[in-house]
Amino acid sequence: HWANKMMCGTGPMVFKQWVSQQRLVLERNPDYWGEPYFFSGVTYRCISNPNTNTQMLLQNELDFSGIPDKDLFLQAKEHPNVKAGKVNLVDYPYPGYRYIGYNLDKPVFKDKEFRWALAYAIPVDTIIEKVFRGLAGRTTGPFLPGSSSYDETLPPIPHDLTKAREMLEKAGWVDSDQDGVRDKVIDGQKVSARFELMIYTDAPSYRQIAEIVKEECRKIGIDVQIAPTKWNLMLQKLRKREYEAAMLGWAMSWKQDPFQLWHSSQADVPDSSNHVAYRNPEVDRLIEELRVTMNEEKQHELYKKIHRLIYEDQPYTFLFSDRATGGYDARIQNVKFYKIRPCYDGREWYTNRPRAVGP
């Protein structure tokens, strides 16, 4: 977009240089009204290979970097520079969640019992251990765990294939033609328990999760077809709702406006974030009330009611909030990690041995 090349701002750092796919350079704003940045500038490097950026961090060639691959992060703990105290590794709760969203306009997903059966079939605890090496925590809804908006009384849905089968049977999903896949007559049409799960093709962890989901669903007579998709095409499909199910993540702020994701008015709007076409009049009413409520205690009550209703509807299978993993050069002092994000205010960071800013 043309506006991406027009940088502006009045913060403690100002734009200096952008080299596409290589780096973004900021420099200290001499006219900033508040406490100035300790550093004269900051360079953000674009490094697509996770092995490369991890090794650069461990060799003290980067001051700060995420290490999203959990195996790489755990292996990095044995690096000599980590053991010598030259590089500090950290993990902290990431303010977001991962989920599988279902296009509720598709006949197979209109059945709430079918969605609940999927929730029972997906072994989230196993996924956390096998794919994320235990560096994640269960979540049950769309608000930040640990915040006053999150309903802690709602239990994570356990992995229970027997319960999943029972729910499917009760809802009329049977294998009428003995082909190994259940089916049901909906609005006069035979609908197979088969759907395409769209995943981001460049995220290996999503492929691992999808394979686990596919295998467990197979055991209860649901056929999941994995569809790796490039990000730009994935966005197009989501915006136009030209998909069946998708594995995604959502980053959260401390206080959220649920309207964007969950209000029915957004279910038919092109390019909206309500890409699962979720509609619930009571959730609409609560969201509208929340938007005009100033009392914080009342707000917390409304958030929790919204959380409970979405949990009961299961438009998503909420998977987990993973722990962000990364590290920083030990010469950087006063590094703090906040629930919203690390380096919430970079002015807190300083060092007695600054690195020269450059490519």
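Going by what's in this entry, would Asp257 be described as closer than 25 Å to Asp125 by Cα and surrounded by fewer than 14 Cβ atoms within 10 Å (Cβ to Cβ)? Write out each step before concluding.
Working: closer than 25 Å to Asp125 by Cα: no; surrounded by fewer than 14 Cβ atoms within 10 Å (Cβ to Cβ): yes.
Answer is no for this residue.
Against the conditions (1) closer than 30 Å to Met56 by Cα; (2) in contact with a Leu (Cβ under 6 Å, 6 or more places away or on another chain), Val283 satisfies every one except (1).
Conditions tested, residue by residue: (1) at pLDDT 95 or above; (2) touching a Pro at 6+ places or on another chain (Cβ under 7 Å); (3) surrounded by fewer than 17 Cβ atoms within 10 Å (Cβ to Cβ); (4) under 21 Å from Lys214 (Cα atoms).
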| site | (1), (2), (3), (4) |
| --- | --- |
| Glu152 | yes, no, yes, no |
| Ile157 | yes, no, no, yes |
| Lys163 | yes, no, no, yes |
| Glu166 | yes, no, yes, yes |
| Lys170 | yes, no, yes, no |
| Trp173 | yes, no, no, yes |
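Which residue, of Gln189, Gln225, Gln178, is surrounded by fewer than 15 Cβ atoms within 10 Å (Cβ to Cβ) and free of Cβ contacts under 8 Å to residues at least 24 places away in the same chain? On inspection, the qualifying residue turns out to be Gln178. Scanning region 233-247 for residues that are within 17 Å of the chain's Cα centre (by Cα) and surrounded by fewer than 19 Cβ atoms within 10 Å (Cβ to Cβ) returns a single hit, Leu235.
Report those helices (runs of 4 or more DSSP H) wholly inside region 1-113 carrying at least 2 residues which are in contact with a Lys or Arg (Cβ under 9 Å, 6 or more places away or on another chain) and in contact (Cβ under 8 Å) with a residue 60 or more places away in the chain. Before the answer, list the steps.
Numbers: elements: 50-58, 70-76, 80-83.
Counting at least 2 such residues, we get 70-76.
Identify, from the list Phe39, Phe15, Phe73, the residue that is in the same structural domain as Tyr338 (by TED's automatic domain parsing), of a type in the set (Phe, Trp, Tyr) and under 30 Å from Thr317 (Cβ atoms). Walk me through how you get there before you give the answer.
On the way: Phe39 fails: under 30 Å from Thr317 (Cβ atoms); Phe15 fails: under 30 Å from Thr317 (Cβ atoms).
Criteria check complete, one pass: Phe73.
Filtered by the rule that a residue be surrounded by fewer than 17 Cβ atoms within 10 Å (Cβ to Cβ) and touching a helix residue (DSSP H, G or I) at 6+ places or on another chain (Cβ under 6 Å), region 139-150 gives a lone residue, Ser148. A search for C-beta distances below 7 Å between a residue of region 312-339 that is of a type in the set (Asp, Glu) and any residue that is assigned to a loop (DSSP other than H, G, I, E, B), counting only pairs 6+ apart in sequence or on different chains, returns Asp313/Asn280; Asp322/Tyr94; Asp322/Phe132; Asp322/Leu135; Asp329/Asn60; Asp329/Asp63. The residue that is modelled with the highest pLDDT, counting only those in region 74-97 that are buried (at least 17 other Cβ atoms within 10 Å of the Cβ) and of a type in the set (Ser, Thr, Tyr), is Tyr97.
I'd like to know if region 129-149 contains one or more residues that are of a type outside the set (Ser, Thr, Tyr), free of Cβ contacts under 8 Å to residues at least 12 places away in the same chain and within 24 Å of Val181 (Cα to Cα). Reasoning before the result, please.
Initial filter on region 129-149 (of a type outside the set (Ser, Thr, Tyr)): 129-138, 141-146.
Applying the additional criterion that residues be free of Cβ contacts under 8 Å to residues at least 12 places away in the same chain yields 129, 134.
Checking the rest, the ones that are also within 24 Å of Val181 (Cα to Cα) come to none.
The answer is no, given that none of the residues of region 129-149 is of a type outside the set (Ser, Thr, Tyr), free of Cβ contacts under 8 Å to residues at least 12 places away in the same chain and within 24 Å of Val181 (Cα to Cα).
Can you name every residue in region 284-313 that is within 25 Å of Met167 (Cβ to Cβ) and surrounded by 20 or more Cβ atoms within 10 Å (Cβ to Cβ)? Of everything in region 284-313, those that are within 25 Å of Met167 (Cβ to Cβ) and surrounded by 20 or more Cβ atoms within 10 Å (Cβ to Cβ) turn out to be Ile306, His307, Ile310. The sole residue among Ile67, Ile122, Ile100 that is among the β-branched types (Val, Ile, Thr), surrounded by 15 or more Cβ atoms within 10 Å (Cβ to Cβ) and not assigned by TED's automatic domain parsing to the domain that holds Pro315 is Ile67. Asp31 meets the stated requirement of being closer than 22 Å to Gly9 by Cβ, surrounded by fewer than 17 Cβ atoms within 10 Å (Cβ to Cβ), among the acidic types (Asp, Glu) and modelled with pLDDT of 90 or more. Out of (1) farther than 29 Å from Ile306 by Cα; (2) out of contact with any Asp or Glu (no Cβ under 9 Å at 6 or more places or on another chain); (3) at pLDDT 95 or above; (4) not polar (S, T, N, Q), what's the single condition that is false for Asp71? Result: Asp71 passes all but (3).
The values are calculated or read from the model by the stated rules, or taken from the named source; none is laboratory data. Please read these numbers as outputs of a predicted model, since none were measured by experiment. Here Cβ is always computed from backbone atoms with ideal geometry, including for glycine, and neighbour counts include all displayed protein chains.
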